Ligand code: HEC
Ligand code: HEC
């Protein structure tokens, strides 16, 4: 083993909490205040899952498989996943932590209309969305074993949460608000990156692997999330980073540093947005509600970001699961 790899493994062991502990082992950070009247959920722990005698053992098995797919999504690499991500790389605490993109709200608020694709979505379709964008892939078939397992895991995380309650405390990644500061700076972001992030995520943003296994996920380039992913929005990345990174020292960056480094990361190239029309500027305009928060289709260093045919390791642009649909009940 090279010295660099040994260092990476030591770092991984120090900082990356083993999945089994993650639900209870949040590094103490000052969490934002919940809005008045918000429903604040406490996701159940793995321990509770194992001890809950009201669950049929078959259901427990399916939930555990869903959890395993969520934490180790690389087992679907080359089939449904074409980058280095696992769901839990962004949804910290196995998708259970408030303020770090808890995933269970999708189980209690869907089916609902979603602006991103302009129709009523199911839980499976929402999960498929993260496969299409964040995982730069395509989703398991609706109703398949994998989808059932993932859905069961999301629903179990929602245990005892009210259905169609939309005032959910700590949902998403947005505590910094969605207004990019006017003085946001690429250069300042680059130096935050060099000082606090490059050690794990690499100078080239490609993350680190040891013996083919992802230890630190990619932040840009072919093995990262694509241009249509929620975290490609600067405010989403800034909020994620501010509360969760650098790993092991979350909360150590100022808000300004988080904005600058999010701006820097999301100014780098990554796989094409699956909604690409052949022209990034046009695609940006068509999905401006989303892309007004990203740098996609804007000019930077003499180039239009996202103007290319690179889909990363994915051998197609648009996954089947992104088909638009409408309902004709009459
Ligand atoms: C000690 C190693 C380490 C450092 C330092 C670190 N990260 Fe991370 N980062 C990780 C790991 C590991 C994950 C996946 C988290 C998980 O699975 O629980 C991650 C996840 C991420 C993600 C979401 C997943 C992805 O790949 O897009 C972003 C964004 C990110 N880090 C940004 C940053 C930024 C910005 C900094 C510097 C301010 C930083 N990280 C510093 C290890 C690190
Ligand atoms: C690169 C980061 C990233 C990865 C990897 C990722 N997601 Fe997400 N996910 C997001 C972001 C960003 C959002 C939107 C949060 C927001 O609106 O602020 C989101 C939202 C969701 C939601 C909706 C939550 C809600 O509040 O309704 C679900 C469900 C979800 N993801 C499931 C998954 C699953 C399952 C996987 C793995 C197959 C996955 N995600 C992988 C970033 C990621």
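With a 10 Å Cβ neighbour count serving as the proxy for reagent exposure, in which order, fewest first, do 286, 249, 179 appear?
Numbers: 286 15, 249 12, 179 9.
Ordered from fewest to most neighbouring Cβ atoms within 10 Å, 286, 249, 179 come out as 179, 249, 286.
Find the relative contact order for segment 186-321 and round it to a whole percent, using C-alpha pairs within less than 8 Å whose residues are 6+ positions apart.
24 percent
With the contact rule set at Cα under 8 Å and sequence spacing of 6 or more, what percent relative contact order holds for the chain? Walk me through the numbers before you get to the answer.
Numbers: 552 pairs, mean separation 63.7, N = 330.
Value for the chain: 19 percent.
How big is the gap, in Å, between the Cα center of segment 271-324 and the Cα center of segment 108-176?
Here the two parts' Cα centres lie 22 Å apart.
Mind running the shape call on segment 221-296? Use the C-alpha gyration tensor, a ≥ b ≥ c as the square roots of the eigenvalues: rounded below 1.5 for a/c, prolate if a/b tops b/c, oblate otherwise.
On the way: a/c = 2.93, a/b = 2.06, b/c = 1.42.
Verdict is prolate for segment 221-296.
At q = 0.12 Å⁻¹, what log₁₀ I(q)/I(0) does segment 186-321 have when each alpha carbon counts as one equal point scatterer in the Debye sum?
After summing over all Cα pairs, the log10 values are -0.47.
Find how much the distance from residue 42 to residue 163 grows on full extension, using 0.36 nm per residue of separation minus their present alpha carbon separation; answer in nm with one decimal. Numbers along the way, then the final one.
Working: separation 121, 0.36 × 121 = 43.56 nm, distance 1.49 nm.
Between residue 42 and residue 163, full extension yields 42.1 nm more.
Kindly provide the Kirkwood hydrodynamic radius of segment 33-161 in Å, to one decimal, from all pairs of distinct alpha carbon atoms.
Values: mean 1/r = 0.0658 Å⁻¹.
When all Cα pairs of segment 33-161 are included, the Kirkwood radius is 15.2 Å.
For the chain, what is the per residue volume of the convex hull drawn over the alpha-carbon atoms, in cubic angstrom?
Output value, Cα hull per residue: 157 Å³.
PRE reach from residue 29 (point 7 Å along Cα→Cβ): which of segment 169-193 fall under 18 Å by backbone N?
169-178, 192-193
With 10 angstrom as the radius, rank 318, 35 by how many other C-beta atoms surround their C-beta, starting from the fewest.
Details: 318 15, 35 11.
The order, fewest Cβ neighbours first, is 35, 318.
If you average the C-alpha positions of segment 64-90 and of segment 181-210 separately, how far apart do those two centres end up, in angstrom?
24 Å
Using a Förster radius of 30 Å, what is the FRET efficiency between residue 211 and residue 300 based on their Cβ-Cβ separation? Nearest 0.05, please. Walk me through the numbers on the way to the answer.
Values: r = 36 Å, r/R0 = 1.20.
Given R0 = 30 Å and the Cβ-Cβ separation, E is 0.25.
At a Förster radius of 22 Å, what calculated FRET efficiency corresponds to the Cβ-Cβ distance of residue 310 and residue 286, to the nearest 0.05?
Numbers: r = 20 Å, r/R0 = 0.90.
FRET efficiency, residue 310 to residue 286: 0.65.
Arranged from highest to lowest average of other beta-carbon atoms within 10 Å per residue, in what order do the peptides 233-243, 99-109, 153-163 appear? If you can, show how the numbers build up before the last one.
Details: 233-243: 25.2, 99-109: 22.8, 153-163: 18.8.
Averaged packing, sorted descending, gives the order 233-243, 99-109, 153-163.
What ranking do 82, 290, 316, 327 get, fewest neighbouring Cβ atoms within 10 angstrom at the top? Walk me through the numbers on the way to the answer.
Details: 82 25, 290 18, 316 11, 327 7.
Final ranking by Cβ density, sparse to dense: 327, 316, 290, 82.
Values in this text are rule-based calculations from the coordinates and carry no lab data. Fair warning: this is a prediction, and the values are worked out from it, not measured in the lab. Please note: Cβ atoms are built from the backbone with ideal geometry, for glycine as well, and neighbour counts cover all protein chains shown.
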